[in-house]
């Protein structure tokens with residue numbers, strides 16, 4: 001993992017993408033983030049806040065499988081938790097809009 005200090009999310013995002021170069025890893029991130037999103041929506045609609053926790057756990061489980069079994073790197077979450085969380089959602093949106101290949 002890089003020892004670089006990032007001063008903004010815009011500086012961090014290219015690094016984040018470089019840590020997600022394997023297509024299967026990106027797909028796992030997309031699926032996990034989508035499940036997380038659906039759990040948040042379900043939590044709001046059903047007024048069951050525990051679903052948010054399930055969504056977060058599912059999102060990270062899918063992402064970490066991508067890192068440990070396909071990328072063979074350590075998730076950026078451990079060193080850059082806020083930027084990494086934002087990167088997950090930005091990459092999800094970029095995949096959804098076709099900016100990044102699924």
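Output the residues belonging to the stretch 66-91 that are in a helix (DSSP H, G or I), touching a residue at least 12 places away in the same chain (Cβ under 8 Å) and surrounded by fewer than 16 Cβ atoms within 10 Å (Cβ to Cβ). The answer is 78, 86, 89. When the stretch 11-23 is filtered for residues that are under 13 Å from the mean Cα position of the chain (by Cα) and under 13 Å from residue 65 (Cα atoms), only 20 remains. Residue count for the stretch 7-26, restricted to those that are in contact (Cβ under 8 Å) with a residue 60 or more places away in the chain and surrounded by 16 or more Cβ atoms within 10 Å (Cβ to Cβ): 6.
Values in this text are rule-based calculations from the coordinates and carry no lab data. Everything numeric in this text was worked out from a predicted model, so none of it was measured. Because the Cβ atoms are built from the backbone with ideal geometry, glycine has one as well, and the counts that use them run over all protein chains shown.
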